[in-house]
Amino acid sequence: MLKKLLLASVVLAMSATPSFAAGKTIAGIVFQQDMFFRSIQLGMQEEAKANGATLLEANSDSKPEKESNLVDTFVARGVDAIIISPLSAKASVRALQKADEKGIKVILYNTPLDATFPVTSIGSSDRDVGQNSGRMAANLIKEKLGGTAHVAILAFKSQNPEQSGNRTGGFKDEVAKGGTVDVVAEQDAWLAEKAVAVASDIMTAHPEVNIIYAANEGGTVGAVQAVRKAGKQGKVFVFGTDGSEQLANFLLDPDGVLVGTTAQAPVDIGRMAVKAALASLDGKPVDKDVRVPAIPLSRNDKPAVEKFLEDAKKLK
């Protein structure tokens, strides 16, 4: 399945390895260290190495001030391009605009920016990601819950309001089609340990909850662990976001807690971001917006999950 998502041809004019790439310096910035961002980094590393470019890596730890300082540092170092998943579509503009004004190519992935100067934006549509999981949840509501569901949502609005809102909004749009659906709680919890505590508290306060949706990987892991901890297997069903070896194993576990998640293709996104940076530096045209299809993973499609797991293990 993942092979179908190798979309280098979509990015336009990136098929040839540019001989000028040796000596170019690219900064790659992530904002947390989960499987998704580690895979992004792996893709960037592989593509930079293949092209003889130098990759400088950094993590803003989801802190806007640190993100701004990192961008300023890379500008001062005179890098040729910055690849970044902005923490805020609005607040991240100022620092990145200064980079653009210095002639540094700005490549976005995963999250948007309210500006026209970035060379390209590469990633899956967050609304599509949420909608895919919402459709799977709606099917379960119809087939197993008699058309009625009480839903809790684990988001990350305080970390990245635009991305979180698009994912949760997409989920709500689709899950509502399952019947009578009541969202009884929506709280932030994007790291697994925090998500265990938040999901546990929600289930205690709202014992009627029978579906939990988590908008990122850490929240999904924590939600599954919370349901198991509460002994509510078969009573509370989890739908999530992102894909990893751990989440794939959850889908294959016979306890049935994680029913579906929507993965992305982070290694490919990382590779494509470096390709876009190098192509732009070489004066080649690059598509302004590149959408990478999301990957719905359901325990009802065991072969697809097993194939995803096989590919995920190769990332080690």
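Please treat every number below as a calculation from the coordinates, not as lab data. Keep in mind that what you see is a predicted model, and the values were worked out from it rather than measured. Backbone-built Cβ (ideal geometry, glycine too); neighbour counts: all protein chains shown.
Brief remarks on what is shown
- Largest mean-square fluctuation among A304, A138, A115, in a Gaussian network model of the chain whose springs join Cα atoms under 10 Å apart, belongs to A115.
- Each residue, S158 and K144, gets one label point 7 Å from its Cα in the Cβ direction; the gap between the two is 3.2 nm.
- Subtracting the Cα-Cα distance of L315 and Q187 from their residue separation scaled by 0.36 nm leaves 42.9 nm.
- Neighbour-count order for S158, S200, fewest beta carbons within 10 angstrom listed first: S158, S200
- Local net charge near T261, Cβ-Cβ under 9 Å (Lys/Arg +1, Asp/Glu -1): -2
- Centre-to-centre, using Cα atoms only, the stretch 108-122 and the stretch 233-292 are separated by 18 Å.
- Efficiency of FRET from Cβ geometry, D253 and H206, R₀ 22 Å, rounded to 0.05: 0.35
- Computed from Cα positions, the angle between helix 64-77 and the longest principal axis of the chain comes to roughly 20 degrees.
- DSSP bridge orientation in the chain - percent antiparallel, rounded to nearest 5: 10 percent
- For K63 and N300, the difference between the fully extended length at 0.36 nm per residue and the C-alpha to C-alpha distance is 81.5 nm.
- For D282, neighbours were defined as the other residues whose beta-carbon sits under 12 Å from its Cβ, and their charges (Lys and Arg +1, Asp and Glu -1) total +3.
- The A50 and A230 beta-carbon pair, evaluated with R₀ = 45 Å, returns a calculated FRET efficiency of approximately 0.45.
- Cβ-derived FRET efficiency at R0 30 Å, D114 paired with D72, nearest 0.05: 0.90
- Pairwise Cα distances in the chain exceed 25 Å in 48 percent of cases.
- Taking Cα atoms only, the orientation of helix 161-175 departs from the longest principal axis of the chain by about 40 degrees.
- Counted charge near K49, where neighbours are those whose Cβ lies closer than 14 Å (Asp, Glu -1; Lys, Arg +1): 0
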